[in-house]
1. Using only DSSP helix segments of four residues or longer, with each worth -39500 (n - 2.57), what per-residue ellipticity at 222 nm results for the chain after dividing by its residue count and rounding to 500?
2. Using the alpha-carbon atoms, what tilt in degrees (0 to 90, nearest 10) does helix 76-85 show relative to the longest principal axis of the chain?
3. Taking the Cα of S108, stepping 7 Å toward and past its beta carbon, and measuring to each backbone N in the range 54-86: which are under 20 Å?
4. Starting from a Cα-only point model with no solvent, please compute log10 I(q)/I(0) by Debye for the chain at q = 0.10, 0.13 1/Å.
5. Roughly speaking, what is the stretch gain from S66 to S11, that is 0.36 nm per residue apart minus the C-alpha to C-alpha distance, in nm to one decimal?
6. State in Å² the accessible area per residue of the range 64-113; use a 1.4 Å probe, count heavy atoms of protein chains only, and round to the nearest integer.
7. List, in order, the whole-Hz ³J(HN,Hα) value for each residue of the range 26-31 obtained from phi through the Karplus relation with A = 6.51, B = -1.76, C = 1.60 and θ = phi - 60°; use x for Gly and Pro.
8. Quick one: of the DSSP bridges fully inside the chain, what percent are antiparallel, nearest 5?
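The values are calculated or read from the model by the stated rules, or taken from the named source; none is laboratory data. For clarity, every value in this text was computed on a predicted model and none was experimentally measured. Using ideal geometry, Cβ is built from the backbone for each residue, glycine included, and neighbour counts are taken over all protein chains shown. The protein model used for the area step is the full one, side chains on, heavy atoms only, and it has no ligands, DNA or RNA in it. Shrake-Rupley method; radii C 1.70, N 1.55, O 1.52, S 1.80 Å.
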Amino acid sequence: MITIYGIKNCSTMKKAFEKLDNLGLAYTFFDYKKQTIDIATLQNWVNQAGIDKVLNKKGTTWRKLSENDKQQAENLDFALQLLQQNPSMIKRPIVVRDKALLVGFDESEFERLAD
């Protein structure tokens, strides 16, 4: 079972959906705009990939944060709360298949999902 997490209208997400469809892989979509991600899931992703990979500091949402919030995000618990409250700051897409975790869109990594 593959679950892809993200925001439907994101251009990177559209590439990811297209790639999964072209590979003939069935998946469920977790839409951050319609569903709330739980802290335990975020913590699991951070444990596997690291906060620097999961937290997208290049996006508009991060840039709009106050300097105080950016500094407090050095604290993992605070960072996880920020991600839950502002899922736009989570790197997209996140793909989970069994215990495998992909963060971001890398075409070659997606192709390995079909193996």
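1. On the way: 7 runs with 54 residues, N = 115.
Value at 222 nm, helices only, nearest 500: -12500 deg cm²/dmol.
2. Helix 76-85 sits at roughly 70 degrees to that axis.
3. Output list for this probe position: empty.
4. -0.29, -0.48
5. Values: separation 55, 0.36 × 55 = 19.80 nm, distance 2.64 nm.
Full extension of this stretch gives 17.2 nm more.
6. 57
7. Result, rounded to whole Hz: 7, 8, 10, 10, 9, 8.
8. Values: 9 of 13 bridges.
Here the share of antiparallel DSSP bridges comes out near 70 percent.
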